[in-house]
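See structure below.
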Amino acid sequence: MRRGSILQLVGLGVLFGGLATLVAVLIPWLPPVASKQRDRIDFVFWFTTGICIAVFALVAAVIAYSLLKFRVQPDDDSDGPPIHGHTGVEIVWTAVPAILVTAISVVSSIVLVQNENVPKNHLDVAVTARQFAWTFTYPDQDGLTSAQLRLPVDRTVKLHLRALDVIHSFWVPEFGQKQDAVPGQDTTLVITPTKVGTYPVICTELCGLGHALMRTSAIVMQPAAFQTWLRDQKNAAAAPPAEAGKAVFTSNGCASCHTLEDAGATGTAGPDLDKLPAYAKQAGKPLEDFVRESIVDPNAYVQSGYPKNVMPAFATLPKDQLDSLVDYLVKSSTGGGS
Amino acid sequence: MTAVAEHHPSVVAPRPPKTARDYILKAGWIRAAWMTCLFWGIGLGLVLIFRGWAGWEPLFDWAVITVVATLTAAPIGFLAGLGAFDYWVRYAAGAPTVPEDHSTHGGRNWKDYFRPNTDHKVIGIQYVVTTIFFFVAAGLMAMLFRAELARPGMQFVDNQTFNGLVSVHAALMIFLFVIPAFAGLGNYVIPLMIGAPDMAFPRLNALSFWLLPIAGFMMLLSFLVPGGAFATGWTSYAPLATDQPLGQVFFNMGVQWAGASSIMTALNFLVTIITMRAPGMTFWRMPLLVWANFTTSLLVVIATPFIAGSQFFVMFDRVMHTNFFNAAEGGYVLGYQHIFWFYSHPAVYIMMLPGFGIASEVISTMARKPIFGYRLMALSLMAILVLGFSVWAHHMFVAGVAPWLRIPMMVTSMIIAVPTGIKVFSWLATVWEGRIHFNTPMLFALGFVSMFVIGGLSGIYLAAVPIDIHVSDTYFVVAHIHYVLFGGSLFTIFAGIYYWFPKMTGRMYNERLGRIHFWLTFIGFNVTFFPMHWVGLQGMPRRVADYAPEFGNWNFVISIASFGLGASTVVFLYNMIVSWRRGPIAPGNPWRALTLEWQVSSPPPVFNFDEVPQVVGSPYEYGTRGARHAVLNGKPTETGKAPEPLEVMHH
């Protein structure tokens, strides 16, 4: 190879490397960071990206150079030089990539270990996933439950995930952490939120018809605000039945699939609960019995136009909660409200 | 295809005119029709007898009847009616058989392509045409769900249909297009390349093709079942898959038929390559396509039974009420994923290694240079084969696997990039200083190398556990898999189809249309799939019909580009159909290639070679004057030419 052609090749490499770097830097590839873990993940991401840009620039330069320099006319039937290989070169392109991927592996391993480190003063939250809703329980707060994940900022939380029916997966892009909830198995996930704000909680494992709607929010609060919220919730749980029923409705994620004006719910995957009296008439059952049956055994009567086997059975709901939920649904759908 | 009569007049006896009785009882589509019904009835009868005898209620359990009668017995009846088992049945029954009966061999007219045919060249074309049919069907499904995804919210289809379209699209593309398209090209080319008259087991070969349309139509027809098509993704994770509408069993069983077809073909390839190489064709003189299919066949034979098992377990949980994946009864939910990925990761290499082989053939021929580092190329295939079985849990980093498993599986996943890198660098070194002819096969081969590099690099992100935790199950993964399977596998399939089109049809394709097809595909592909990296990193999960509004604009761009990508296929189909009918007659060796398939006529004689070739050297002796790969009919085959000084290199 002549010196001039090496220079041209290097020039092409710099050109492609530069272009790829611009694409990497100018486009905001990653969502905003809101956890310590995401910070570290981003480091691995950019470390890997640096190596990948170098490899891409090399390959693109060789292909582009070949396109420019080695193409022949269709009627040129000469052959290229009979080069069958070169042991030295082959050793280099075996060894160099091996070293690069080893480096990425080492960095990844260190970050993985750091990201799973749980300090002593962490907060435990139990996450229950079911088709198609999330429930968050705070075991240190007398089992307080919520349909949104509320967290104090700068305190590590360890999520304990459980699935009641099929596999679901918990993901908050801004936290960068993801973990499947698996039936029959307890899994955990560590997050240290670093920024106050509201972030989407997304189910990323196909879990049935309502999968795309299986979303809620993770709300990161100042520690003082978090304490206030905990106190308010405990007071609400002790409130009169109608409000308690509404709380059960909200905390079990009913709103993700159903519409109910009184609760501000606008889901469309399941039947419109403002029309419960009409449905009960079609099913030929008294309203209260109908509502109770539909919660405990949803497939007993399925409103036409909606698929069977979609709504999970809430047979495990404690008796007092079930009672207040039925009471609330009957009242709010007949215009009584709370 | 008149070559049959010219070369082997003795094997084709004139056929007596058929009577009505013959039409009904002789192997063919009429017998297939009534035997399908008959066997369906037998299946139904078996279910009713056993259920009645055991006193199970309800007697007519349609889940069981569908599995036994519709998805198992009826297809066997169809195959028997078509004549796929005739020889073996006669043999087993002690009836006289003629081992040298070649009446089922060769393609004389179009009808010979619609029956079990023992000629590997007919089977190769049957495979390629069938797989393109399913490619188009699965592609149209992609257009439909891209239309739904063009805007956030729900517009055209409901959730069940959307999930069904996504699942059937992927299942057809994988099991009915990429894997069998490579099997088809290999079927046509491998016996020719190694100097053999046919495959080792021609009747098994015929059978393995006919299992394929059964699997394909099973998956397509699942849309007509009450409850809709299987809708749990092609990965079909338990326990979701165990309590889905009935369409799910069409996937469980479709995979069995496609898998059986795959295993039979792989066994056939292995025996053919090991035992039927022409004299002088040592392993180190085999073209890399043969090496690639040898390696792939080992992967298929070892891994495919695992996916068969995983789908049987899921089906048993539904139909027989077993509890393999029912956690409430002590089932092990993650067990499904371990078994599934123990096949499905090697399956990624089953879908890629034959493409590596095609790329090697095309690049060496079109660059007029020997493959750089031939032995390391073959050894890297074997390295991928071995390492491929040690990386499956990288699909499960967030699935709840044992924490200790993740770092070892990350390291093996990273290391598999090394043999893959060797192949890419060797192709680049082969091109270097070559005399490159940028025709359609070469464009697709180089397009493959560049797109596969992007897919390989995004694979590094997915192998790194912390990044994978963020991007797992998002559009980043969708982008990655399409860079590997579309930019990788599909580009090599196109390269292979254009490259061997003259050999298979005896006619040349239209080069201009070929190039238009390449550029439309290349641009459409990148605009469709590159933005998916961004969408995924930002927070869009895969397999959702509805998504957050902030991804609306990019999804709109992606959808529009995907329609353009779909349209580019029309150019391909037009070129293939018109060129096959009216293209210019192809010479035996239009590319002046050195491998054996180009040393015979286009299309080749019915038994490939009039005389057994004598292999005397490497298949890639470009640039060495007089160096040749084989001696055929006493004459030297095409030889290499000494290079003339290349002007650009000297100023």
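Does residue B:195 satisfy being touching a strand residue (DSSP E or B) at 6+ places or on another chain (Cβ under 8 Å) and on the phi > 0 side of the Ramachandran plot? Working first, answer last.
Working: touching a strand residue (DSSP E or B) at 6+ places or on another chain (Cβ under 8 Å): yes; on the phi > 0 side of the Ramachandran plot: yes.
Criteria met by residue B:195.
What strands (runs of 3 or more DSSP E), lying completely within the range A:136-202, carry at least 2 residues that are more than 18 Å from the chain's Cα centre (by Cα) and touching a residue at least 12 places away in the same chain (Cβ under 8 Å)?
Numbers: elements: A:144-146, A:149-152, A:157-163, A:168-172, A:177-181, A:187-191.
Per the criteria, A:144-146.
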Practice task
Among residues belonging to the range B:366-382 that are more than 10 Å from every other protein chain (Cβ to nearest Cβ) and surrounded by fewer than 18 Cβ atoms within 10 Å (Cβ to Cβ), point out the one that is farthest from residue B:431 (Cα to Cα).
Solution key: B:382
Practice task
Considering only the range B:389-404, state which residues are within 12 Å of another protein chain (Cβ to nearest Cβ) and part of a helix (DSSP H, G or I).
Solution key: B:394, B:395, B:403, B:404
Problem - Residues being at pLDDT below 95 and buried (at least 23 other Cβ atoms within 10 Å of the Cβ) - total across the range B:401-415 - result: 0
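Output yes when any residue across the range A:61-73 is closer than 29 Å to residue A:155 by Cα and touching a strand residue (DSSP E or B) at 6+ places or on another chain (Cβ under 9 Å), and no when none is. Outline the logic, then answer.
The first filter runs over the range A:61-73 and keeps only residues closer than 29 Å to residue A:155 by Cα, leaving none.
Within the range A:61-73, none of the residues are closer than 29 Å to residue A:155 by Cα and touching a strand residue (DSSP E or B) at 6+ places or on another chain (Cβ under 9 Å).
Among residues belonging to the range B:405-423 that are aliphatic (A, V, I, L, M) and within 7 Å of chain A (Cβ to nearest Cβ), point out the one that is farthest from residue B:334 (Cα to Cα). If you could, list the steps in order and put the result at the bottom.
Let us first name the residues in the range B:405-423 that are aliphatic (A, V, I, L, M), namely B:405, B:407, B:409-411, B:414-418, B:422.
Going one step further and asking which of them are within 7 Å of chain A (Cβ to nearest Cβ), we end up with B:407, B:410-411, B:414-415, B:417-418, B:422.
On the way: B:407: 18, B:410: 19, B:411: 22, B:414: 23, B:415: 25, B:417: 27, B:418: 30, B:422: 34 Å.
Across the range B:405-423, the extreme among qualifying residues is B:422.
I need the full set of residues from the range A:87-114 which are among the hydrophobic types (A, V, I, L, M, F, W, C) and in contact with a Leu (Cβ under 7 Å, 6 or more places away or on another chain), in order please.
Hits for the range A:87-114: nothing passes.
From the set of residues in the range A:61-75 that are more than 7 Å from chain B (Cβ to nearest Cβ) and within 22 Å of residue A:10 (Cβ to Cβ), which is surrounded by the most Cβ atoms within 10 Å (Cβ to Cβ)?
In the first step, residues of the range A:61-75 are kept if they are more than 7 Å from chain B (Cβ to nearest Cβ); the result is A:61, A:64-65, A:67-68, A:73, A:75.
Of the ones still in play, those that are also within 22 Å of residue A:10 (Cβ to Cβ) are A:61, A:64-65, A:67-68.
Numbers: A:61: 21, A:64: 17, A:65: 19, A:67: 13, A:68: 11.
Selected residue: A:61.
Let's see how each residue does on (1) closer than 25 Å to residue A:197 by Cα; (2) in the same structural domain as residue A:318 (by TED's automatic domain parsing); (3) surrounded by 17 or more Cβ atoms within 10 Å (Cβ to Cβ):
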| site | (1), (2), (3) |
| --- | --- |
| A:226 | yes, no, yes |
| A:231 | yes, no, no |
| A:244 | no, yes, yes |
| A:254 | yes, yes, yes |
| A:260 | no, yes, yes |
| A:269 | no, yes, yes |
| A:272 | no, yes, yes |
| A:291 | no, yes, yes |
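Please find, within the range A:76-104, the residue that is surrounded by the fewest Cβ atoms within 10 Å (Cβ to Cβ) out of those that are within 30 Å of residue B:638 (Cα to Cα) and more than 7 Å from every other protein chain (Cβ to nearest Cβ). Break it down into steps so the answer makes sense when it comes.
Residues of the range A:76-104 within 30 Å of residue B:638 (Cα to Cα): A:76-87, A:90.
The next check asks that each one be more than 7 Å from every other protein chain (Cβ to nearest Cβ); those that pass are A:86-87.
On the way: A:86: 12, A:87: 9.
Here the residue is A:87.
Go through the range A:203-224 and give me each residue that's in a helix (DSSP H, G or I) and either surrounded by 22 or more Cβ atoms within 10 Å (Cβ to Cβ) or within 14 Å of chain B (Cβ to nearest Cβ) (or both).
Residues of the range A:203-224 in a helix (DSSP H, G or I): A:211-213, A:223-224.
Residues satisfying the conditions are A:211, A:212, A:213.
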Practice task
Report the residue count in the range B:561-599 for those that are among the aliphatic types (A, V, I, L, M) and either touching a strand residue (DSSP E or B) at 6+ places or on another chain (Cβ under 8 Å) or within 14 Å of another protein chain (Cβ to nearest Cβ) (or both).
Solution key: 5
Exercise for the section: Would you check if there is a residue in the range B:294-309 being of a type in the set (Phe, Trp, Tyr) and in a loop (DSSP other than H, G, I, E, B)? Expected result: no
Practice task
Find the residue count for the range B:510-555, including only residues that are in a helix (DSSP H, G or I), within 26 Å of residue A:267 (Cβ to Cβ) and either among the acidic types (Asp, Glu) or touching a residue at least 40 places away in the same chain (Cβ under 8 Å) (or both).
Solution key: 7
Problem - Within the range B:425-472, tally of residues that are surrounded by fewer than 24 Cβ atoms within 10 Å (Cβ to Cβ) and part of a loop (DSSP other than H, G, I, E, B) - result: 5
Exercise for the section: Go through A:27, A:41 for me and flag whichever is at the interface with another protein chain (Cβ under 7 Å from one of its Cβ atoms), within 31 Å of the chain's Cα centre (by Cα) and at pLDDT below 95. Expected result: A:27
Practice task
Among the numbered conditions (1) in a loop (DSSP other than H, G, I, E, B); (2) under 22 Å from the mean Cα position of the chain (by Cα); (3) of a type in the set (Lys, Arg), tell me where residue B:503 comes up short.
Solution key: (1)
Handout entry: Evaluation of residue A:248 against (1) out of contact with any helix residue (DSSP H, G or I) (no Cβ under 8 Å at 6 or more places or on another chain); (2) at pLDDT 80 or above; (3) β-branched (Val, Ile, Thr) (one fails), failing number
Key = (1)
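Is it true that residue A:112 is surrounded by 16 or more Cβ atoms within 10 Å (Cβ to Cβ), among the aliphatic types (A, V, I, L, M), within 9 Å of chain B (Cβ to nearest Cβ) and over 28 Å from residue A:257 (Cβ atoms)? Explain how you work it out, then say what you get.
Numbers: surrounded by 16 or more Cβ atoms within 10 Å (Cβ to Cβ): yes; among the aliphatic types (A, V, I, L, M): yes; within 9 Å of chain B (Cβ to nearest Cβ): yes; over 28 Å from residue A:257 (Cβ atoms): yes.
In short, yes.
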Practice task
Could you tell me whether the range A:61-82 includes any residue that is among the hydrophobic types (A, V, I, L, M, F, W, C) and touching a Ser or Thr at 6+ places or on another chain (Cβ under 7 Å)?
Solution key: yes
Handout entry: Criterion violated by residue B:558 - all others in (1) within 13 Å of chain A (Cβ to nearest Cβ); (2) buried (at least 20 other Cβ atoms within 10 Å of the Cβ); (3) part of a helix (DSSP H, G or I) satisfied
Key = (1)
Fill in the blank from the handout: A careful count of residues in the range B:616-631 that are away from every other protein chain (no Cβ under 14 Å) and surrounded by 22 or more Cβ atoms within 10 Å (Cβ to Cβ) gives 1
Exercise for the section: Might you check whether a residue that is in a helix (DSSP H, G or I), within 17 Å of the chain's Cα centre (by Cα) and surrounded by 24 or more Cβ atoms within 10 Å (Cβ to Cβ) occurs anywhere in the range B:219-235? Expected result: yes
Practice task
Just give me the residues in the range B:411-424 being in contact with a Phe, Trp or Tyr (Cβ under 9 Å, 6 or more places away or on another chain) and in contact (Cβ under 8 Å) with a residue 40 or more places away in the chain, in sequence order.
Solution key: B:420, B:422, B:423
Handout entry: Meets criteria (outside the structural domain of residue A:208 (by TED's automatic domain parsing), surrounded by fewer than 16 Cβ atoms within 10 Å (Cβ to Cβ) and aromatic (Phe, Trp, Tyr)) for residue A:306
Key = yes
Exercise for the section: Restricting attention to the range A:50-60, report how many residues are facing chain B (nearest Cβ under 8 Å) and among the small types (Gly, Ala, Ser). Expected result: 1
Handout entry: In the range B:46-63, the residues that are at pLDDT 95 or above and under 36 Å from the mean Cα position of the chain (by Cα)
Key = B:46, B:47
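The values are calculated or read from the model by the stated rules, or taken from the named source; none is laboratory data. These figures come from a predicted structure and were not determined experimentally. Note: ideal-geometry Cβ built from the backbone for every residue, glycine included; neighbour counts use all protein chains shown.
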